[in-house]
Amino acid sequence: MDSFEWNKIIGAVLGTAIFIFVVRVVAEAIYEPERPAKPGYVVEGVVEGPAGGGAAAPAEEAMPDWGTVLAKADAAQGKATSSKCEACHDISSAKTIKIGPPLYGVVDRPRASIAGFSYSGAMKAKGGNWTYDELFKFLKSPGAYIPGTKMSFAGISRAEDRINLIAFLRSNADAPAPIPAPKPAAAAAPADTKAAAATPAEAGAKPATADAAKKPGTTGN
Ligand code: HEC
């Protein structure tokens, strides 16, 4: 073999190598794996059942005692936080529909109830009212609490920020929703707390309150 022949062989090998390299780069550019915005699985701490071992309930944040926390909440701080919401929501009494439904008087309002706003199926299907608890859970991570919601907002992780925001939302209404009476300490179970606990909005959401108060061993939630 003369050197000319060797040149041809080396050229062919190099050419093939370059060809394969180019094909790979192009293929990767075309078929670049799309990473989902949310991973397929979420490991949010350890999922622990309650003491009884009920597997149905995932690890849930304890609900604040609204009667206690709302009295101390910083609504001015909450108002500052609400500027994040105003990108999509009108919070004024004009109740204008923007990307999202107006939020004036949202506390205790039935879910998905603004006429003329096109809610997601997920939001309509959820039902119930925007109680303090519901807002607290939703605003932590809207997409996690109501999968399929159109509200593309990451959420507010700090409980304190959410409480302040909810205190502001409560005050931002013609008639602010009532603040429930602070829960009695678990040990002191008064004989009759029905009158204090049974506001209309609460009655639907927490039918167990009165019973739970009578049994010292159980908690409401
Ligand atoms: C990126 C836009 C966007 C931002 C930011 C946003 N929202 Fe929303 N929000 C929406 C949309 C869209 C909906 C309707 C959701 C659906 O139908 O699933 C909604 C729905 C809601 C609802 C349900 C209202 C009803 O009538 O049932 C509440 C409550 C709410 N948002 C509160 C907030 C608060 C509080 C903030 C700020 C912390 C916020 N949102 C930030 C877009 C947004």
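Based on this model, can you work out whether ILE146 counts as surrounded by fewer than 18 Cβ atoms within 10 Å (Cβ to Cβ), β-branched (Val, Ile, Thr) and more than 6 Å from the ligand (Cβ to nearest atom)?
Values: surrounded by fewer than 18 Cβ atoms within 10 Å (Cβ to Cβ): no; β-branched (Val, Ile, Thr): yes; more than 6 Å from the ligand (Cβ to nearest atom): yes.
So ILE146 does not fit the description; no.
Considering only residues that are surrounded by fewer than 16 Cβ atoms within 10 Å (Cβ to Cβ), touching a residue at least 12 places away in the same chain (Cβ under 8 Å), part of a loop (DSSP other than H, G, I, E, B) and not hydroxyl-bearing (Ser, Thr, Tyr), which ones fall in the stretch 110-120?
Those that are surrounded by fewer than 16 Cβ atoms within 10 Å (Cβ to Cβ), touching a residue at least 12 places away in the same chain (Cβ under 8 Å), part of a loop (DSSP other than H, G, I, E, B) and not hydroxyl-bearing (Ser, Thr, Tyr): GLY116, PHE117.
Would you check which residues across the stretch 75-92 are assigned to a loop (DSSP other than H, G, I, E, B), surrounded by 14 or more Cβ atoms within 10 Å (Cβ to Cβ) and either near the ligand (Cβ under 10 Å from one of its atoms) or of a type in the set (S, T, N, Q) (or both) and list them?
Correct list: CYS88, HIS89, ILE91.
Pairs please, first residue from the stretch 1-23 and on the phi < 0 side of the Ramachandran plot and free of Cβ contacts under 8 Å to residues at least 60 places away in the same chain, second anywhere and outside any helix (DSSP H, G or I) and of a type outside the set (Val, Ile, Thr), Cβ atoms under 9 Å, 6+ apart in sequence or on different chains.
ILE9/MET1
How do the helices (runs of 4 or more DSSP H) wholly within the stretch 121-221 filter down when requiring 2 or more residues that are at pLDDT below 95 and over 18 Å from TRP66 (Cα atoms): which remain? Steps first, please.
On the way: elements: 121-126, 132-140, 142-145, 159-171, 194-197, 200-205, 209-214.
Fully inside the stretch 121-221 and qualifying: 209-214.
I want to confirm something. Restricting to the stretch 107-121 and keeping residues that are more than 6 Å from the ligand (Cβ to nearest atom) and among the aliphatic types (A, V, I, L, M), which single residue is farthest from ALA62 (Cα to Cα)?
Applying the filter and picking the extreme gives ALA115.
Contact list please: Cβ distance under 6 Å, first residue in the stretch 93-109 and farther than 14 Å from TYR132 by Cβ and in a loop (DSSP other than H, G, I, E, B), second residue more than 10 Å from the ligand (Cβ to nearest atom) and of a type in the set (Phe, Trp, Tyr), pairs at least six apart or on different chains.
Hits for this filter: SER93/TYR104; LYS95/TYR104.
The values are calculated or read from the model by the stated rules, or taken from the named source; none is laboratory data. Since the structure is predicted, the reported quantities are computational estimates derived from the model, not experimental observations. Counting neighbours? That spans all protein chains shown, and the Cβs are built from the backbone with ideal geometry, glycine included.
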